[in-house]
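Novice: Take this structure, written in structure tokens, and hold onto it; I'll ask about it next.
The values are calculated or read from the model by the stated rules, or taken from the named source; none is laboratory data. Values in this document were obtained by computation on a predicted structure and should not be read as measured data. No Cβ is skipped: glycine too gets one built from the backbone with ideal geometry, and neighbour counts run over all protein chains shown. Protein only, heavy atoms only, side chains kept; ligands, DNA and RNA dropped before computing areas. Shrake-Rupley method; radii C 1.70, N 1.55, O 1.52, S 1.80 Å.
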Amino acid sequence: MQSFAEQVLELASRSAAWAEVYAVTEEQTPVSFEANRLRTIETKEVRGVALRVVVDGQIGFASSSRLDDPRTLVEDAVATARFGARSLMDYPTELVPEAPLELYDDDVVALSADEMVQMGQKMVDRVRRRGQDILCDADVRKEVVSVSVMNSSGGGGSYRLTVVSAGLHANRVRGTDILDVYESASSCHLKTLNINTVMGAVGGKLDLAEEVVPIRTANLPVIFTPKGVAMTLLNPFQAALNGKLVQQGASPFAGHLGEAMFDPSFCLYDDGRVPNVPSSAPCDGEGVPTQRTALIEDGRVNAFYYDLQTAGLAGTKSTGNGERSLGSMPTAAIHALRIKPGKVSYQDMLADMEEGLVVDQTMGADMGNILAGEFSGNVHLGFRVEGGRLVGRVKDTMVSGNVFRALGQIGAIGDRAYWVGGVFEVPYLYFPALSVSTRG
Amino acid sequence: MRDLIAEALRGQKAGYIEVHIEEAEATHIRFRGHELEEVGRSRVRGGNVRALVGGGWGFVSFNDVEQLRRHVEQAVQQAALVVREPVTLAPAPVVQDVVGAQAPKDIRRESLDHKVGLLQEYNELLWASAPLQTTTVRYGDSVRRTIFADSEGSFVEQEHLDLSAVFVAVARKNGDVEQAFLSVGSKGDLSVLDGRQADIAAAARRAVDLLSAQRIQGGTYTVLVDPRLAGVFVHEAFGHLSEADHVYENPRLREIMVLGRRFGKPFLNIVDNATLPGRRGSYAYDAEGVPAAKTFLIREGELVGRLHSRETAAKMGEALTGNARAINYRFPPIVRMSNTYIEPGETTFDQMLSGIDQGIYVKDSFGGQTSMEMFTFSATEAFVIRGGKLAEPLRGVNLSGNVFQTLANIEAIGNDLEWSEGGGCGKGGQSPLPVSTGSPHLLIRDVVIGGK
């Protein structure tokens, strides 16, 4: 693969003023349980090369999985450059060292399908013990990834990454009432993957969801769990802090850099350098070193995130957020969003609540006008609170609001942050009044 | 390729093996603001093997097609590790066929210059139609050539063309941002982009108009649903629940989804039909080599059918429907919809509207999601209905409901079936799969709408 990438770069450099090759090989092994039993063992190999060129100042792009045909790849890329955007990239000229981010673990590479089956079986067995009417789907997955990017100005980087993850989904049907509870965890290292937490969380929520209770249409105090925060409230920030959308003026934060727009206790970071986290990398997909970027600091809009071309358009520097897949050019995207923990424990938030709602899973919350910060989703898993205690699960209920406005007057930020899906590290958030709508 | 596959399958110890080989070429174009941001091409060659040993499945996907025999061996070994009671597959006819694809204005015949020029024209039309903050135009087309072969002797070569485009208008006033869009799709026929001037201009104006629309009060409403949103509704609210892989191993769901159960009033008919010519979700054979079919899901208000793969059909003792689909060679076939629609009724739009004293008219959708029982989708445009007439515009209207109650609460079905071809469906990590949705106007009572 490396020699093919070099061959492409060399060939492209003959007809392009600048060229960049991005090469990936990846092997994923998922084992899947369905309805409490092992069902499928898979192996997915992916390899491919993406080529970006600059010809007469314009950018062209092509990608291929064909390692036998460098010439067509180069021709495709050069042919599209005639239409492409004018390059404003500040080309990386140095090789980024493979930093000690602990992203690779030989134990993950050595993990056998048998061992993965045992991990999955353990999760399924533990949770289905809670009732005959519980059906579990589970998957345990390992990935071994190798990434390299190099350009004709001598810049680039390469790294290896392993990921092991476990997901558990429990389903319970009573009459036409369908309950779904799911949890997952992922890590670059086998040792730090904690399936006990996954099993425990699913089991605990099944217990809490035993009873279905009514709630009323009103403005109520609402606590979002870390998962609820990740599923409901962060997409608007990803959009509004994207340097591209800011540069286009489509972000409500455009023109407001440095302004206080949120509660002073609210801090939001993008971090591409958290050890042992699958979304980390020493460099981004353009060979720019990753970094920790304080996007919102003490309630102020502090920075936006950029890839090379967007940074060029905005007259600033890339923040190392040039994310990419094989099929298209890099775009600005986050690595991992982290909200700085506050001072209030979840228990104290609950204790403060006479009547309210705890939201853990939402559905469809990000399908509205997220650019403006709006969310409105079905409460897929949520609990009614009475006198500081969870009294049961609510159904047929929506929670709605504007996250940008809600974070201007936040009730409390949880005192500990939790990883959700390997991409978000967030605490519980407590809002004094959000719109809750329900049947009747 | 026939020889390579035959050689790879020879002497393997498995109850069933299938091989998919795929070559694909795709073009994508993206405008943002006035600028052409990206033009790119990609080529992929790959394949997969799925093997059944006893009751266990093994699956291997790869790019090095030459190593096919090694991949088959690996899939068989993996399947053998899975110990459970045997799986039988519903018998399917052994098929040998070659199915080409062509479109009136075939994406393969039209030059990149022409495509870029056309999109640029429409992008500038967005700008000219209303005072916008920015625009985005995304276009993608693809040609896939697939081979399906199995250990039972089927060998099917198919060509698949696809095209999708979305035109987004973003308007801004002070800190407030709104957007509106037009999305279109076809089976590789560029003429779907002909004569779209009025639709594009309307999308641009809609984005600006939304800025001055009122927000809705959360609660329960009677809603009049336009055909585009109703199409998303039938796909999300009912279509996914009719996919047999959600049901076949869940005894309690099987009780809920028992054939003959009443879901709606006698005028409700819901169909999935992969044989409709030119629709984006259509195909000749599914990813298990089973011929495409028309399947009634609900007939006269009663559940009469569901969508199957060979495995789920056998397990439930029901007829094959040819709905095993995979988004590409990296994924195994799973049960999916094709073109899903509500058949037209007899009520006119005006009759429905005039009968609503207080309600909401909701149009088109940003998208929808389902958890089987609960579903949710967002309207891109909405109006208050007062005294049987359309009144002031609304924004931020997201609807949610319970499928069992909501289907029963469909009070009237319009006579104006309309199709949407711009949709992409996601399931099991496979997204976006080309599907079409269709519906006439629907009148539904007691729908929960989130709001201020």
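Novice: Do any helices (runs of 4 or more DSSP H) entirely within segment A:194-301 hold 2 or more residues that are away from chain B (no Cβ under 13 Å), of a type in the set (G, A, S) and touching a residue at least 40 places away in the same chain (Cβ under 8 Å), and if so, which?
Specialist: On the way: elements: A:195-208, A:226-232, A:235-240, A:243-247.
Ranges flagged: A:226-232.
Novice: Please work out if B:V49 is under 27 Å from the mean Cα position of the chain (by Cα), open to solvent by less than 40 Å² (accessible area, probe 1.4 Å) and either within 7 Å of chain A (Cβ to nearest Cβ) or at pLDDT 95 or above (or both).
Specialist: Yes: the conditions hold for B:V49.
Novice: State which residue is nearest to the other protein chains (Cβ to nearest Cβ) when the search covers only segment B:312-345 and only residues that are of a type in the set (D, E, K, R) and farther than 21 Å from B:F238 by Cβ.
Specialist: B:R330
Novice: Kindly indicate whether any position in segment A:388-397 is assigned by TED's automatic domain parsing to the domain that holds A:R292, under 26 Å from A:A336 (Cβ atoms), touching a helix residue (DSSP H, G or I) at 6+ places or on another chain (Cβ under 7 Å) and outside any loop (DSSP other than H, G, I, E, B).
Specialist: no
Novice: Given the structure, is A:G320 modelled with pLDDT of 95 or more, open to solvent by less than 30 Å² (accessible area, probe 1.4 Å), more than 14 Å from chain B (Cβ to nearest Cβ) and not in a loop (DSSP other than H, G, I, E, B)?
Specialist: Here the answer is no, as A:G320 does not meet what is asked.
Novice: State whether one or more residues within segment B:89-101 are outside any strand (DSSP E or B), surrounded by fewer than 16 Cβ atoms within 10 Å (Cβ to Cβ), at pLDDT below 95 and β-branched (V, I, T).
Specialist: no
Novice: Let me ask something additional. Return the residues of segment B:105-154 that are of a type in the set (F, W, Y), within 14 Å of chain A (Cβ to nearest Cβ) and not in a strand (DSSP E or B); say none if nothing qualifies.
Specialist: From segment B:105-154, those of a type in the set (F, W, Y) are B:122, B:127, B:139, B:148; that's our starting set.
Retained after the next criterion (residues that are within 14 Å of chain A (Cβ to nearest Cβ)): B:127, B:139.
Listed by number, the list holds a single entry, B:W127.
Novice: Let me ask something additional. From the list A:A166, A:A240, exactly one residue is surrounded by 23 or more Cβ atoms within 10 Å (Cβ to Cβ), at pLDDT 95 or above and within 25 Å of A:A294 (Cβ to Cβ). Which is it?
Specialist: Just a single option satisfies the conditions, and that option is A:A240.
Novice: Can you pull out the residues in segment B:330-363 that are of a type outside the set (A, V, I, L, M, F, W, C), open to solvent by less than 20 Å² (accessible area, probe 1.4 Å) and not in a strand (DSSP E or B)?
Specialist: Residues satisfying the conditions are B:P333, B:R336, B:S338.
Novice: Going by the conditions given, is B:E157 part of a strand (DSSP E or B), away from chain A (no Cβ under 14 Å) and in contact (Cβ under 8 Å) with a residue 24 or more places away in the chain?
Specialist: In short, yes.
Novice: Continuing with the same structure: Looking at B:T406, B:T376 in this structure, which one is of a type in the set (V, I, T) and in a strand (DSSP E or B)?
Specialist: Just a single option satisfies the conditions, and that option is B:T376.
Novice: So A:H380 fits all but one of (1) assigned to a helix (DSSP H, G or I); (2) within 30 Å of B:E381 (Cα to Cα); what number is the exception?
Specialist: (1) is the only condition that A:H380 fails.
Novice: Tell me which residues, restricted to segment B:129-147, are touching a residue at least 60 places away in the same chain (Cβ under 8 Å) and more than 30 Å from B:R330 (Cβ to Cβ).
Specialist: Of everything in segment B:129-147, those that are touching a residue at least 60 places away in the same chain (Cβ under 8 Å) and more than 30 Å from B:R330 (Cβ to Cβ) turn out to be B:S129, B:A130, B:P131, B:L132, B:T134, B:T135.
Novice: Just to be sure I understand the filter: pairs with C-beta atoms under 9 Å, separated by 6 or more residues or on different chains, first member in segment B:187-214 and assigned to a strand (DSSP E or B), second member open to solvent by less than 10 Å² (accessible area, probe 1.4 Å) and not hydrophobic (A, V, I, L, M, F, W, C). Which pairs pass?
Specialist: Short answer, once both residue conditions are applied: B:D189/B:D106.
Novice: Would you check if A:D114 is of a type outside the set (G, A, S) and touching a His at 6+ places or on another chain (Cβ under 6 Å)?
Specialist: Values: of a type outside the set (G, A, S): yes; touching a His at 6+ places or on another chain (Cβ under 6 Å): no.
No.
Novice: Out of segment B:161-185, which residues are of a type outside the set (A, V, I, L, M, F, W, C) and within 11 Å of chain A (Cβ to nearest Cβ)?
Specialist: B:R172, B:K173, B:N174, B:G175, B:D176, B:E178, B:Q179 - these are the residues of segment B:161-185 that are of a type outside the set (A, V, I, L, M, F, W, C) and within 11 Å of chain A (Cβ to nearest Cβ).
Novice: Right, here's the next one. If a residue has to be open to solvent by less than 10 Å² (accessible area, probe 1.4 Å) and within 8 Å of another protein chain (Cβ to nearest Cβ) to count, how many in segment A:381-401 make the cut?
Specialist: 4
Novice: Starting from residues that are at the interface with chain B (Cβ under 8 Å from one of its Cβ atoms) and either within 12 Å of A:V8 (Cβ to Cβ) or outside any loop (DSSP other than H, G, I, E, B) (or both), keep the ones in segment A:55-66 and report whichever is modelled with the lowest pLDDT.
Specialist: Once the filter is applied, the top-ranked residue is A:R66.
Novice: Related question: With respect to the numbered conditions (1) surrounded by fewer than 19 Cβ atoms within 10 Å (Cβ to Cβ); (2) under 26 Å from B:R41 (Cα atoms), which one is the sole condition not fulfilled by B:V168?
Specialist: Every condition holds for B:V168 apart from (1).
Novice: Then there's this: Which residues, counting only those in segment B:372-420, are open to solvent by 30 Å² or more (accessible area, probe 1.4 Å) and charged (D, E, K, R)?
Specialist: Selection gives B:E381, B:R386, B:K389, B:E392, B:E411, B:D416, B:E418.
Novice: Follow-up question, since we're still on this one. Give all pairs with beta carbons closer than 9 Å in which a residue from segment A:6-22 that is farther than 20 Å from A:G48 by Cβ meets a residue that is of a type in the set (D, E, K, R) and assigned to a helix (DSSP H, G or I); count only pairs at least 6 apart in sequence or on separate chains.
Specialist: Correct list of pairs: A:S15/A:E75.
Novice: Here's something else I'd like to know. Consider segment B:310-364. How many of its residues are aromatic (F, W, Y) and either within 17 Å of the chain's Cα centre (by Cα) or closer than 15 Å to B:P91 by Cα (or both)?
Specialist: 2
Novice: Filtering segment B:421-452 down to residues that are part of a loop (DSSP other than H, G, I, E, B) and surrounded by 19 or more Cβ atoms within 10 Å (Cβ to Cβ), which residue is nearest to the other protein chains (Cβ to nearest Cβ)?
Specialist: Restricting to residues being part of a loop (DSSP other than H, G, I, E, B) and surrounded by 19 or more Cβ atoms within 10 Å (Cβ to Cβ), the top hit is B:G451.
Novice: Please indicate, with yes or no, whether at least one residue in segment B:395-402 is more than 19 Å from B:G231 (Cα to Cα), within 14 Å of another protein chain (Cβ to nearest Cβ) and touching a residue at least 12 places away in the same chain (Cβ under 8 Å).
Specialist: Yes.
Novice: Scan segment B:223-262 for residues that are within 13 Å of another protein chain (Cβ to nearest Cβ) and either over 28 Å from A:N36 (Cβ atoms) or of a type in the set (D, E) (or both) and report the count.
Specialist: Number satisfying all stated conditions: 8.
Novice: While we're looking at this one, here's another question. Hey, can you tell me all the residues within segment A:342-375 that are within 20 Å of the chain's Cα centre (by Cα) and of a type in the set (G, A, S)?
Specialist: Passing the criteria: A:G364, A:A365, A:G368, A:G373.
Novice: Something else now. Taking segment A:142-156 as the region of interest, how many residues are assigned to a loop (DSSP other than H, G, I, E, B) and either buried (at least 19 other Cβ atoms within 10 Å of the Cβ) or touching a Phe, Trp or Tyr at 6+ places or on another chain (Cβ under 7 Å) (or both)?
Specialist: 3
Novice: Take the conditions assigned to a helix (DSSP H, G or I), free of Cβ contacts under 8 Å to residues at least 40 places away in the same chain and not polar (S, T, N, Q) and apply them to B:E236. Does it pass?
Specialist: In short, no.
Novice: Which residue, of A:A314, A:A333, is at pLDDT 95 or above, on the phi < 0 side of the Ramachandran plot, under 20 Å from the mean Cα position of the chain (by Cα) and not basic (K, R)?
Specialist: Just a single option satisfies the conditions, and that option is A:A333.
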